[in-house]
Each structure stands twice: as C-alpha cells, then as structure tokens.
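**Q** The structure's right below; bear with me while I get my questions together.
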Amino acid sequence: MTDRAALLEVPAFNTTAGEKINANSDICGSLPSISEPVVVNFGVRSAESNAASRPLRRSAWTAVRKGGFLVLAWSALMSAQTAAQLAAVPSPIRSHGIAMHGAPALPAGFANMPYVNPGAPKGGRIIFGLLGTFDSLNPFIVKGIAVQQVRGYVIESLMARGNDEPFTLYGLLAESIETDAARSYVTFRLNPLAKFSDGKPVLAADVLFSWQLMRDKGRPNHRLYYAKVEKAEALDERTVRFDFGGANDRELPLILGLMPVFPKHAVDVATFEDTSLTGPVGSGPYRITGVRAGASVTLSRNPDYWGRNLPINRGMWNFDEVRLDYYREANGAFEAFKRGLYDFRIENEPLRWHEGYDFAAARNGEVVRDEIRPGTPQPSEYLVFNTRKPVFADIRVRQALTLLFDFEWVNRNYFFGLYGRAAGYFAGSELSAYTRPADAYEKTLLAPYAASIRPDIMDGSYRLPITDASGRDRATLRDALALLDQAGYRLDGTVLRRKDNRAPLTFEILVTTRDQERIALAYQRDLKRAGIAAAVRAVDAVQFDQRRLSFEFDMIQNRWDQSLSPGNEQAFYWGSAAADNPGTRNYMGAKSPAVDAMIAALLEARERTDFVPAVRALDRALIAGFYAIPLYNHQQQWLARWNRIERPKATALTGILPETWWQKPGVKQPAAKQ
C-alpha cells in the first residue's frame, strides 16, 4: 500500500459539519489568497506581515496612472505581489515547545529540566500515603473516585509541562508543535518512537480517537474545551492538525497539547464512562500491576518505556515501583507515617507541623522536614462579601469590615504564626500587585478607571491593617467606626445602627467546616466590639455548595486557586457577565468596568512583558473593590519525608514534584501497610 493510499485509511473529523470526511481532502490544501497573505510562523502578526505588500500595491497603481499601461502594470503588480506573498508565507515552522506568552525558556535539544538530578539512581520503591479511598482507575470521567496518579504515570499527553515556567509545554508523545500567530490551528507531529505498553505504536488515529472520546465522554471541562475544535484531521499517520475556526482562544493549542492519549485498539467506548478497576493500557513510564480495591494501587516501571531517554524525562520516574496506599482517617494516616509505612507527607495542618513531629525518627534525623517556597500564587483564604446584598453595597462598609478582622490574633492563637497575609489574589508571586507600585503600562491600562482605584493601591503603599494581636485593637476599631460613620452608621450604645432608620447592621456568615466556623466565630467577636451582630450558621457541605452556587448567602469563606498563567477563568471568577449567572465563581457579585477591561487586556497579551502588568492591573482593580477580606495564605509547602527518599537540590517553580525524587541506594524498604 502506498503512503498516499495508507493516508486515506486515517479518519478526519469535521465537527462543524458533524460528519466524517475524507482525510485526503486537505492533504494539499489551496494556495493562500492573493489579497490576504496567510501567516504561519510564530511571533509575527498578520497585520505586520500584510503591511509589507501595501507600499508595493500603492506604487504599482501610481505607475498605472502615470503611464497608462494597464495590462503591463497589472501583470507586474500581480507578479510582484505574488512574490512578496510567497516570501511572507514560509514553510511551516515546527517548534520543540510552546509557551502561553513569549517563547519557551529551554532551547531545542536541551539536556534535561533544571529542577531534576539527571544522574539520579534508578530503582527502589516509593510509597504514597493518600487520604480517602478510590473505586476507579479512570480519572478522566465524572463517575467514581479515581486514582489521579494514573494520569502522567500511566497515561501520557502529547506534551508535558515545564514546571519551572508559568505555562510552557515541551514535546512528549509529540516531538514537535506548529501553530500560527493567531493560534487558529495547531499541528502535532508524533515521535516515531512513541508506543503503548502493549508494544503498539502511538499513531494519529489514536490522537483523533482520544480527542473525540474526551469531547463526547470526558469530564465537563474536557468537553467544553475540546468542543471548540472546528476540524480535526490526520495529515499522515503521525501528524494531526486541529483547526479552531473562530474560537479566538490562545490557550487552545496548549490545552490540546495536554490532552491524554488513549490506544484506540484497547478502549471500549461503550463502557468508557463506567468506573473500572482494570488498569488501562497507556504509553507512560509505569503500568498498573496491583490493585486492592479502595486500599492500594501498585505501579511498576515499564522496562520497555519508549520515552525514558527524552530530555523532558531525564532524571524523572526513578523508582522501579510506586505504591499508593489509602487511609480513611487523617490521624491514622499520620500514625502510619510515624511508623514508616509510607515515605512522605505534604502537611497542611499548622498544629501538626508545629507540634506533631516530636517523635524519635524526627528527632534523630530519619524523618526530614522541608519548608519549600514555590513561585506560584500562594493558596489564600477569604471572607467574601456578597455585594448583591444591600448591607454590603457601600464600599466604605466593606473597607470598615476589612479593618475589623484581627489576623494577628488568629495567626498567633490558631496557626502558631505560620501563615502570612496579603491583599489581592496572586499572593507571593510576580503577578501580585500588593506592595508593588504600578509601572507605566499598568498606569496606561488603568487610566480610564483612575477614579475607582485608590492612589495608595496604585503606588503600592496600601497595607492591610496590623493589630497588636490582643483581639481588642483600638486603632483599627476607631478607623472602622469612622468609615462606618461616613457610610451612614452610628454606634448607639452597644449596637451599630443606621442614622436614617435606626436599622442595626447585621448579617450572616455561612460555614460548613469546623475550621471555617472557628474563623467565623473569631471574626464575630471582632465585629461585636463595633456593635455589629453577625450570626454564624453552620450547614452541611451539600447545602453550603448549593447556596454558594446560587449566591444565597451574605458572607462565606472561599479560596480561588490561581496559577502563573491566569486566563479565561478570570472572567468566570470576577467578570460582570458572571455576576448574575448562578454557578459561576463570581461569588462577590463584582461588576466593575475596570476588572472587565483588565481581564480583556490579559487575554490579549502575547508576551510576558505585557501579560504580567495586565494581571497586576487586574489585581489592583480587585483590591480597590474590597470584595473580600483576606484571611491568610500558605506561604510555604510543608514536606516531611523519611531520609531514604532524596530529592534534587533545585526546586521547581511549582514546588514539590515526587516524580523527580529517588531512593537512597542501600536502604531498607519500608514494610507493607497493615
């Protein structure tokens, strides 16, 4: 069978037409339109490329008018214009990686990632201790509680993230990627070495099958993004192209790059959405070799793993065996760690981190504690004002209530001084505007909205209040009452009332966990000193979620996890269009032209130098709105590990990465879980 005939066997899907089309239909394609040259290279905008032909066009028509030789001039014009356009449309440019903004930090042919030990010894075993249980080995569907490590360890994607960059992908199953300046399409060229664990090669047909499978039967986020593909086709047996039509979403090439790839020959589409404890066939470095339902999963290294020598994998996947042990209860899990039944734990409880590691193995150095500060935005908790409620409509009320939260008392008495606090929503990262003066570009972006941004927020001098940690700070109380007076409230004995109708200032704080309730009760005490009656109402998780999604609350505790590459989700979090749309995460009901404009600016940015100021400008607009009270943020990742497990000296921008660790040679393996 000739190559061309073989190509006809590979399916292509036109999702606009909703039918299967012949893959041969777009093999050659058509020449670019003479009037509108097509730009296919990275980093050049269509307007910039088209501009080159315009002077030529004007000078040619001038010659026509002067000489009158219409036919000769038109022929010369067309020849010159065609030549110019052919020069403007180079052969497709392939790259080893793609960055959301700018170019990948690592060049083609890089040796390894900067956060690995390329000489890490192979062998041994690592045991994870995970809280909870599982009933499925498929993390790509809605049903069931799945083992998340299947992705990455067993099922690979076309490309893999560089964890030292905000959002950059490098080749994995795909050895190269191609797109245009507008990112209206993306083409992946598969590595000819790529194969599944059963020995069959990874082909374009598998990629198209995986895209269609995830679009039709994957999790909701997968269905949403993969449905934006207008056309998908195999250009040959190892090359796949996705066209996005008018989606106008610059993240789509990267989202497709992270798409999991399944073997078409080994997946039953009819049962894909059902939970299963049968290990999937994948192309990753491990295979599932043991399952104890709800209790343990064993992953064993595939000795024939095709990608072990790729630069993206060098120094990674170092253990011969990875075992995932599940524990039903947190205290029991910690006791198991103390006995050495699993190798590491990421601690998230301040009390335990402060006092719980006073046991023999920790004292003698067998258990090592690491405090790691990543470069990503720090997870932060907030008390959120529902500004749809009249009680929080006045920004001066929200400012006053922000002053009344005594973080220093809470941090000292509940968290042993281990937490930090910052205004804004990108704390601890380069994207945070807090304590940073606005640069020239930020000032330009925010100039039309200057009236809504306080000067101290613009110049970086704004600070959250700092109390004396007594729980009775007089300075913050005095400042808060002054703001409330401006907003039309006056303290009447021990009750704060409106001046016009004497209605008391009251609201409800909705909580669902004991930790939330503890914070709410501390804040209730602070508010009482100002004559404000706040009721704390505890509900179960289901009711809490229902009321949060339908915006039926006065105040709730919430957190928005952010990355170093915020994108379309910001409109879902803060955009005006989301404010009255139940189910979105604009819980505060923000409707700010400044916020909307800054979201648009960050989505339009193509270079990191434009993107970072746009996000900081968004952060300033959100800080200036006083939509939520910053409670605290986790400034570090807390890692405890038995010293038989070693990790690289360099830490990735994202922090903890167990896939870069290795076992110290010659140590005794831990016992099996009892």
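**Q** Using the alpha-carbon centroid of each, what span in Å lies between segment 345-368 and segment 141-162?
**A** Spelled out, the Cα-based centre of one part sits 30 Å from the other.
**Q** Return a whole-number percent for the relative contact order of segment 223-369, with Cα pairs under 8 Å and 6 or more residues apart as the contact set.
**A** 11
**Q** Might you report the magnitude of the Cβ-based charge dipole of the chain about its Cα centre, with Lys and Arg at +1 and Asp and Glu at -1, to the nearest 20 debye?
**A** Result for the chain is approximately 780 debye, rounded to the nearest 20.
**Q** Probe of 1.4 angstrom, ligands and nucleic acids ignored: what's the accessible area per residue over segment 112-154, in square angstrom?
**A** I get 38 Å² per residue for this part.
**Q** Considering the options W638, S550, G666, tell which one lies farthest towards the positive end of the dipole of segment 523-674, charges being +1 on Lys and Arg and -1 on Asp and Glu at the Cβ, about the Cα centre.
**A** Going by the Cα projections, it comes out as G666.
**Q** At 0.36 nm per residue, and after removing the present C-alpha to C-alpha distance, how many nm does the segment from D500 to Q524 gain when stretched out fully?
**A** 6.1 nm
**Q** Now, a different point. Within 10 Å, count the other beta carbons around each residue, average over each peptide in 651-658, 423-430, 589-596, and list them highest first.
**A** Going from most to least packed, we get 423-430, 589-596, 651-658.
**Q** Between D274 and K200, what FRET efficiency follows from the Cβ-Cβ distance if R0 is 25 Å, with the result rounded to 0.05?
**A** Calculated transfer efficiency: 0.60.
**Q** Determine the share of the chain's accessible area contributed by carbon and sulfur atoms, expressed in whole percent, with a 1.4 angstrom probe.
**A** Here carbon and sulfur together make up 52 percent of the probe-accessible area.
**Q** May I pose another question? Between beta-carbons, use under 10 Å as the cut-off and find the net charge around T387, counting Lys and Arg +1, Asp and Glu -1.
**A** Working: positive: R388, K389, R398, K591; negative: D394.
Combined, the nearby Lys, Arg, Asp and Glu give +3.
**Q** What whole number of Å gives the distance from the Cα centroid of segment 399-417 to the Cα centroid of segment 510-573?
**A** 16
**Q** In Å², what does the accessible area per residue of segment 187-294 work out to with a 1.4 Å probe?
**A** 40
**Q** Which of the aspartates and glutamates could be linked to K389 by a straight reach, that is with a Cα gap under 13 Å, when you skip same-chain ones fewer than 8 residues away?
**A** Within the straight-line cut-off, K389 pairs with E508, E552, D554, D580.
**Q** Given (i) 1.02; (ii) 0.95; (iii) 0.99, which label gives Rg/Rh (Cα atoms, Kirkwood Rh) as computed from the coordinates?
**A** (i)
**Q** Can you run phi through the Karplus equation (6.51, -1.76, 1.60; θ = phi - 60°) for segment 288-303 and list ³J(HN,Hα) in whole Hz, with x for Gly and Pro?
**A** Result, ordered by residue: 7, 10, x, 9, 10, 3, x, 10, 7, 9, 10, 10, 10, 4, 7, x Hz.
**Q** Ranked highest first by the average count of other Cβ atoms within 10 Å around their residues, in what order do 375-387, 243-255 fall?
**A** Working: 375-387: 21.9, 243-255: 17.6.
Going from most to least packed, we get 375-387, 243-255.
**Q** For a quick check: with amide H placed at 1.01 Å from N, whose amide H comes under 5 Å from D180's, ignoring anything fewer than 5 positions away on the same chain?
**A** Y185
**Q** Of A120, T435, A204, which is farthest towards the positive pole of the chain's charge dipole, taken about the Cα centre with +1 and -1 on the beta-carbons of Lys, Arg and Asp, Glu respectively?
**A** Positive-end residue among those listed: T435.
**Q** Once phi is turned into θ = phi - 60°, what whole-Hz ³J(HN,Hα) does the Karplus curve with 6.51, -1.76 and 1.60 give for every residue of segment 214-225, x standing for Gly and Pro?
**A** 3J(HN,Hα) across segment 214-225, in whole Hz: 6, 5, 9, 9, x, 5, x, 5, 5, 4, 4, 6.
**Q** Also, quick follow-up: Give the long-range amide H neighbours of Y632: residues separated by 5 or more places, or on another chain, with amide H under 5 Å away, using H modelled in the peptide plane at 1.01 Å from N.
**A** The list, which skips near neighbours in sequence, is E381.
**Q** Under unit Cβ charges (Lys, Arg +1; Asp, Glu -1), what dipole magnitude, rounded to 20 debye, does segment 111-225 have relative to its Cα centre?
**A** 320
**Q** Could you give me the ³J(HN,Hα) list for segment 399-411, computed from phi with Karplus coefficients 6.51, -1.76, 1.60 and θ = phi - 60°, whole Hz, x at Gly and Pro?
**A** 5, 5, 5, 5, 4, 7, 6, 9, 4, 4, 5, 4, 5
**Q** Within a Cβ distance under 12 Å of L258, other residues only, what is the Lys/Arg minus Asp/Glu net charge?
**A** 0
**Q** Once you have the Cα-Cα distance between L653 and T435, take 0.36 nm times their residue separation minus that, and quote the gain in nm to one decimal.
**A** Gain on extension, L653 to T435, equals 76.3 nm.
**Q** Would you kindly state how much longer the chain becomes between D561 and D358 on full extension, computed as 0.36 nm times their sequence separation minus their alpha carbon distance, in nm to one decimal?
**A** Full extension of this stretch gives 69.9 nm more.
**Q** Kindly report the accessible area of segment 525-576 per residue (heavy atoms of protein chains, probe 1.4 Å, no ligands, DNA or RNA), in Å².
**A** For segment 525-576, the solvent-accessible area averages 41 Å² per residue.
**Q** May I pose another question? Quick one: of K195/K264; K122/K649; K122/K664; K200/K264; K122/K195, which pairs are farther than 19 Å apart, Cα to Cα?
**A** Distance filter (> 19 Å) returns K122/K195.
**Q** Can you list the residues, at least 5 places off or on another chain, whose amide H is less than 5 Å from the amide H of Q637, using H built in the peptide plane?
**A** Counting only residues 5 or more places away or on other chains, the set is I372, R373.
The values are calculated or read from the model by the stated rules, or taken from the named source; none is laboratory data. Model, not experiment: these values are computed from the prediction. Cβ atoms come from the backbone with ideal geometry, glycine included; neighbour counts cover every protein chain shown. Note: areas computed on protein heavy atoms with side chains; ligands, DNA, RNA excluded. Shrake-Rupley method; radii C 1.70, N 1.55, O 1.52, S 1.80 Å.
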